[in-house]
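Where a number appears in this text, it was derived from the coordinates with a stated rule and is not lab data. If you're wondering where the values come from, they're calculated on a predicted model, not measured in any experiment. Here the Cβ is made from the backbone with ideal geometry for all residues, glycine too, and neighbour counts use every protein chain on show.
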Amino acid sequence: MPVLVFDLDDTLYPELSYVHSGFRAVADFLSPRLGVPAETLAAGMIAEETAQGRGQVFDNVLRQHGHWSKALVAACLRTYRQHRPILSLFPDAERCLMRFADWPLYIVTDGHKEVQARKVAALHLAGRVRHAYLTNRYGRHRAKPDPHVFQLICQREGVMPEDVTYVGDNVRKDFVGIKPLGFKTIRIIRGNYAHLEADAAHDADRSIQTLDEL
Ligand SMILES: [Mg+2]
């Protein structure tokens, strides 16, 4: 039986929606402390992220309102990471999970394990896949491109790598570690890495524009 494995961020749902959901939680936290409406703060964070990227969003918003402190930045980060996000699958991901509902389905995702677990919960994926492998639970060195959790999937299903197809968006790390072992790979062209050109080692076997092509 073939096995289908999906990446999470920007493969099954838009990662930026998580970021914006986190900004709203931080804005609610900061609003009474800064005496600024949460809507204004959230809009400021989104504008800051669009212009400068994520690295300094909380520092810069706190500075703009004259309230920067190391402790408050840390509290913002905690609020962001611990918030319960409200997320939706991409429409094509929803259709795809329905279409392949009878297949053994898995998720393999890197990142902060509690954050990733909250995303899986918010997307109601627990009942739709056999398991969501959060590589971080196995140690940082098991993050992609390390093939460890893909090998766990083979053991669990009693299949060879050739029977397992991984669908992901990040050509920097999603495919390069598992391709040499025989896993099949499919790149979905969207998200932050959509415009990256990949060499033969990093690229997937096939590329698709939407999961409807799977
Ligand atoms: Mg991804």
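Translational diffusion coefficient of region 99-191 at 37 °C, 0.692 mPa s, Stokes-Einstein with Kirkwood Rh over Cα pairs, in µm²/s as a whole number. Reported coefficient: 239 µm²/s.
Just to be sure I follow the rule: in the chain, considering lysines 8 or more places apart or on different chains, how many pairs have Cα atoms under 22 Å apart? Intermediate results must be reported in sequence, preceding the final value.
On the way: Lys113/Lys144; Lys113/Lys173; Lys119/Lys144; Lys119/Lys173; Lys144/Lys173; Lys144/Lys179; Lys144/Lys184; Lys173/Lys184.
Step by step, the pairs that qualify in the chain add up to 8.
Our note on the geometry: Cα centres of region 1-54 and region 122-193, 25 Å apart. Indicate the gyration tensor shape class of region 8-135 (rounded, prolate or oblate), computed on the Cα atoms with a ≥ b ≥ c the square roots of the eigenvalues: a/c under 1.5 is rounded; otherwise a/b larger than b/c is prolate and the rest oblate. It is prolate, given that a/c is not under 1.5 and a/b is the larger ratio. Charged neighbours of Val149, selected by a Cβ distance under 11 Å, balance to +2 (K, R count +1; D, E count -1). Scalar couplings 3J(HN,Hα) for region 191-203, obtained by applying the Karplus form with A = 6.51, B = -1.76, C = 1.60 to θ = phi - 60°, are x, 5, 9, 4, 9, 6, 8, 10, 7, 4, 5, 8, 6 Hz; x denotes Gly and Pro. Charge tally for Leu214 (other residues, Cβ to Cβ under 11 Å; Lys, Arg +1; Asp, Glu -1): 0. Per residue, how big is the convex hull of the chain when only Cα atoms are used? Give it in Å³. Hull volume normalised by residue count: 123 Å³. Using only alpha carbons, region 16-82 has a radius of gyration to Kirkwood radius ratio (Rg to Rh) of 0.91.
If you take all other residues with their beta carbon under 9 Å from the beta carbon of Asp205, and give Lys and Arg +1 and Asp and Glu -1, the sum is +3.
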